[in-house]
1. Please order 43, 65, 4 by the number of other Cβ within 10 Å, starting at the fewest.
2. Gain in length, residue 116 to residue 3, computed as 0.36 nm per residue apart minus the alpha-carbon separation, to one decimal in nm?
3. Could you compute the FRET efficiency for residue 54 and residue 153, with r as their C-beta to C-beta distance and R0 at 30 Å, rounded to 0.05?
4. Based on DSSP H runs of at least 4 residues, each adding -39500 (n - 2.57), what is the mean residue ellipticity at 222 nm of the chain after dividing by all its residues, to the nearest 500 deg cm²/dmol?
5. Can you sort 105, 75 by how many other beta carbons sit within 10 Å, fewest first?
6. Using a Förster radius of 22 Å, what is the FRET efficiency between residue 123 and residue 21 based on their Cβ-Cβ separation? Nearest 0.05, please.
7. Which angle from 0 to 90°, rounded to the nearest 10, does the C-alpha axis of helix 67-83 make with the longest principal axis of the chain?
8. Treat each spin label as a single point 7 Å out from the Cα along the C-beta direction, and report the residue 14 to residue 132 distance in nm.
């Protein structure tokens, strides 16, 4: 069994599947088992206000998040009603997905930039099981991993294109 697991995880496809499952499952468990912070309650009220066609900036006193997050709240509120899933669980899905993508990008960054598969796997797994990101995204229900995803993606693509452009000028 141990040998099969070792061989399986050496295959990049199986490693990525395991990485996504580990990252997503740990966060999903936290999301399902906890309510979150008072922000989650505020977001539900904002969702209700939006459903009523009102401006939540005007009709609530606690909306201090950027408009993009308000649009996500609006979509999640509709999805929770349509699928009959608790809003407080569903609102945690976007940050959980963003956290999972960050783990995958970390892996690809080290594999593609440094050709360091072992380091890429180690750092990606460490992020996937990072208790702080699990706490923030799935337990507290905070959306910090969504804005964090964009600089990580930017770094990945900037570093990748820098190598390509450097090669063009040296050849």
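Bear in mind that the values in this text are calculations on the coordinates, not laboratory data. From a predicted model like this one, the values you see are computed outputs, not experimental measurements. Positions of Cβ are backbone-derived with ideal geometry, glycine not excepted, and every protein chain shown enters the neighbour counts.
1. Numbers: 43 27, 65 16, 4 8.
Result, fewest neighbours first: 4, 65, 43.
2. On the way: separation 113, 0.36 × 113 = 40.68 nm, distance 2.24 nm.
Net length gain for the segment: 38.4 nm.
3. Values: r = 35 Å, r/R0 = 1.15.
The calculated FRET efficiency here is 0.30.
4. Working: 10 runs with 134 residues, N = 171.
Computed ellipticity for the chain at 222 nm equals -25000 deg cm²/dmol.
5. 75, 105
6. Working: r = 18 Å, r/R0 = 0.80.
The pair residue 123/residue 21 has a calculated efficiency of 0.80.
7. 80 degrees
8. So the label points at residue 14 and residue 132 sit 3.3 nm apart.
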